[in-house]
Amino acid sequence: MEVPPFNPGAKYPWGTDVMGRDIMSLVLAGAQQTLMLATLVMLTRVLIGAVLGALAGWFAGTWFDRTVLSLAEIIAAFPTLLLAMILILAIGIRQGMQPFIIALGFVGWGEVMQFVRGEVMALRPKPFIESAVAVGLRTPGILRNHVLPNLVSPLISIASLEMGAVLMLLGELGFIGIFIGGGAFAELQIDMPPYHYSDVPEWGALLSNVRVYARAYPWTAIYPTLAFFISILSFNLFGEGVRRLVENVGVGINRLFNRYTMGFAALAIVAVIWARSNTGSVAFYRQQAEQFSGQNALAYVQALSDPALDGRALGTDGIKTAADYIAAQFEALGLQPAGEKNTFTFRRKRGFEQLTAVPQFSIDDGGSPPVYHQNYTAYPGQNRNLGEATGTVRFITTGPLRAVGFGRGSIPALKDIAHPDDILMVLSPRDAFYMERVPRAGLLVIADDETVLQQNHTLSNRDPVDSAFGTGRKTGQDAPVLWIDTATANRLLAGTGQTVENLRLYSQRLLDDQLVDFETPHTATISVQGELVDRFESYHVLGYLPGTEGQGMDGEMIMVLAQYDAPPLDPDGQPRLNANNNASGVAVMLEAIRTMQESGYQPYRTFMFVAYSSEGLEGGEVVSAPPDPQKLLQAKIGFGNNFSVKAVVDLRGLGAGDSNRLAISTGGSQRLGELLEKSARQMGVKTVRADEPVDFTRVFAERSARESGQEAPQIMLHWEGWEKTALTPADTPDKISVDTLQKSGRALALSLMILGRETEY
């Protein structure tokens, strides 16, 4: 489903929402997704409830019966909506339908179980059951052949009622922003919360913005609520009608539900699924995608990981050499230039700080000196990281901090914080964000994931700004900042009676504006030396494959992106070739282009392929990764007006990982996620949805979070565990797997071929 950009000056007639989409069309399109989810949840509830109820009723009074009843009573003690929401978020809302099926099935099987248990207990003393027991039939056979047929009529009625209950619960969850995939946030450029939407039509998602927009656009609430109301009423009436029919016709209807009819139905479903996967255009695309060569992709990785390119590091000549190499490959593969002045490149000016010496760190406790890249490393904060400091180490953490005043730039809780002679130690980058803005001699940030200590990072060249007090003035205070590991932090806390683990638990219980501030008995010395670079020339490399004219789809664009540059060289002298991060992403993209071109594939939609640079600062701001699609379209004159971006696919770490699964980060794009999963399955590749929490506070914010808008459905493809060696000396070409590249590339190629020609996927 394409999501058009919001136009604040447009007049939207009755029936369209604030994004210009026809609500009634979305309701009709969402019927399949919503009813399919409700059906799967209902079947889960009925199946679990019927099995446990039948066993509990047959073995009434036993430990099994008591256990099942107690479990149902415990679940019933919790509010259904709250428990379902917690389970969905705990399992992972980005996982699609799976968390909803598990959570809603878990909270709803108890009622079915109790009903079936009562029915079985009533049936067991019947003469025909006692006769079956007397002739020696075993319990499974009695339950299957004699008990179950007598439960068909009530189970049909129960199933219909459960459909209504599930639909009601889906509507309630949707109202509070819990729907399939978690959705994305569209920037509306008005003083209201961002619009929370799903790229897959679903009734619950259509209710997610009712709280804010129903007064101005009442039909946004009327249409989906009517759909829920009519469906719930229809299922209840249908269930009652079928129940009466079964009671009147009796055994004749029950004969429809036997092992033969159920087996035939299962075979028919399998046959349909097989036919859809192995016939038609998708089967043809799969044959083309199988031409992707992992060996060819490895050759690209080796070329981009040549030591002469210095890891394509910011501040080296390797960036220009790598950009020229990628541009030459684009041209050789038949792409047309999409950069400035009819070239493949789009020049950018980047600022950063280049370390000129290995940062130094020492502690006065008489222990062994901390080791660079093992116990500490330079911290990539928002401002430049320079200077020397010696002082007492002071620990500080805070609860949630309130911002007030114009632009909410003033933080009252920090107004009286000043330790100009001390080195502050904090628990997280969140605390460091605030403490970088108060007087201090230096700063230590305890790393939650100590993998970052082995990496090199791009440091900011931005002047310190006193934004904590809302003045916006440059303080001129340079202070060294280091990331440290937990063991080093505990050394500094020795003698205070505290540990990092205890302080992390305690900080989670702090109230708004509450601070914890105490001095440790240790003194530390920090030194970070570097030089500031202001306008280093970097490049995006862009090429496009035009869609076929006459199909009406060539104005729609699919963007495929991969970062190719890396942070500046580290003064420790160890080379970082960055083979997996992210020569592998660029290599898979190049080989996917070759596969599409040489297999004879002709897209209807236009493809743009981008190897982008995202290290450093541009205009004083951190560069986003991936770049804004609209800014990339500005590289070539006329592109911004001629194309609408339909999907963005970002590639990273596709040559190695610590598992055998391809990880998919959907970014709220449920439809794209499902397409990548299906494509991977058809190419024999295992997948997993990446853990992506959704910030639901933005849904209920008083103002729009403008930086969080999403202009087109975006998705990131990477190998699970790729980040373990990223930006470290261990990321070398010899660690890249040809098989991993091939699996990644074939799944990508198939999904791109479907995206480029199909409207339904």
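Residue count for the stretch 18-68, restricted to those that are part of a loop (DSSP other than H, G, I, E, B) and of a type in the set (S, T, N, Q): 1.
In the stretch 173-189, which residues are part of a helix (DSSP H, G or I) and touching a Ser or Thr at 6+ places or on another chain (Cβ under 9 Å)? Within the stretch 173-189, GLY174, PHE175 meet the criteria.
Residues that are at pLDDT 85 or above and in a helix (DSSP H, G or I) within the stretch 629-655 comprise PRO629, GLN630, LYS631, LEU632, LEU633, listed in sequence order.
Taken together, the residues in the stretch 202-227 that are in contact with a Pro (Cβ under 7 Å, 6 or more places away or on another chain) and surrounded by fewer than 24 Cβ atoms within 10 Å (Cβ to Cβ) amount to 1. Does ALA328 satisfy being outside any loop (DSSP other than H, G, I, E, B), without any contact (Cβ under 8 Å) to a residue 24 or more places away in the chain and at negative phi? Yes; evaluated as a whole, the condition is true for this residue. Looking at the structure I just gave you, is PRO626 closer than 29 Å to ASN296 by Cβ, at pLDDT below 90 and part of a loop (DSSP other than H, G, I, E, B)? Judged against the criteria, PRO626 is a match.
Take GLN360 and decide whether it is more than 22 Å from LEU633 (Cα to Cα) and either in the same structural domain as VAL588 (by TED's automatic domain parsing) or buried (at least 16 other Cβ atoms within 10 Å of the Cβ) (or both). Against the criterion (more than 22 Å from LEU633 (Cα to Cα) and either in the same structural domain as VAL588 (by TED's automatic domain parsing) or buried (at least 16 other Cβ atoms within 10 Å of the Cβ) (or both)), GLN360 qualifies. Which residues, taken from the stretch 502-525, are among the hydroxyl-bearing types (Ser, Thr, Tyr) and under 30 Å from the mean Cα position of the chain (by Cα)? Residues satisfying the conditions are TYR506, SER507.
Listed by position, the helices (runs of 4 or more DSSP H) inside the stretch 243-321 whose residues that are aliphatic (A, V, I, L, M), at pLDDT 75 or above and crowded, with 18+ Cβ neighbours inside 10 Å number at least 1 are 281-289, 294-304.
When the stretch 418-443 is filtered for residues that are of a type in the set (A, V, I, L, M), within 16 Å of ASP478 (Cβ to Cβ) and outside any loop (DSSP other than H, G, I, E, B), the ones remaining, listed by number, are ILE423, LEU424, ALA432, MET435, ALA441, LEU443.
Condition check: under 30 Å from GLN574 (Cα atoms), surrounded by fewer than 22 Cβ atoms within 10 Å (Cβ to Cβ) and in contact (Cβ under 8 Å) with a residue 60 or more places away in the chain. Does GLY387 satisfy that? For GLY387, the condition - under 30 Å from GLN574 (Cα atoms), surrounded by fewer than 22 Cβ atoms within 10 Å (Cβ to Cβ) and in contact (Cβ under 8 Å) with a residue 60 or more places away in the chain - is met. Kindly indicate whether any position in the stretch 510-519 is in a loop (DSSP other than H, G, I, E, B) and either crowded, with 24+ Cβ neighbours inside 10 Å or hydrophobic (A, V, I, L, M, F, W, C) (or both). Checking the stretch 510-519: at least one residue is in a loop (DSSP other than H, G, I, E, B) and either crowded, with 24+ Cβ neighbours inside 10 Å or hydrophobic (A, V, I, L, M, F, W, C) (or both). Out of LEU52, LEU43, LEU37, LEU69, one residue alone is at pLDDT 90 or above, within 30 Å of the chain's Cα centre (by Cα) and crowded, with 17+ Cβ neighbours inside 10 Å. It is LEU37. Restricting GLY367, GLY407 to residues that are surrounded by fewer than 18 Cβ atoms within 10 Å (Cβ to Cβ) and either on the phi > 0 side of the Ramachandran plot or modelled with pLDDT of 95 or more (or both) narrows the list to GLY407. Tell me which residues, restricted to the stretch 72-86, are surrounded by 12 or more Cβ atoms within 10 Å (Cβ to Cβ) and more than 15 Å from ILE176 (Cα to Cα). Hits for the stretch 72-86 are ALA72, ILE75, ALA76, PHE78. Within the option set THR486, THR499, being free of Cβ contacts under 8 Å to residues at least 24 places away in the same chain and of a type in the set (Ser, Thr, Tyr) holds for one residue only, THR499. Residues in the stretch 486-501 that are surrounded by 14 or more Cβ atoms within 10 Å (Cβ to Cβ) and of a type in the set (A, V, I, L, M) were compared, and the one that is nearest to the chain's Cα centre (by Cα) is VAL500. Flag: PHE100 matches the condition of being closer than 30 Å to SER669 by Cβ and under 44 Å from the mean Cα position of the chain (by Cα).
The values are calculated or read from the model by the stated rules, or taken from the named source; none is laboratory data. Computed from a predicted model, the values in this text were never measured in an experiment. Cβ atoms come from the backbone with ideal geometry, glycine included; neighbour counts cover every protein chain shown.
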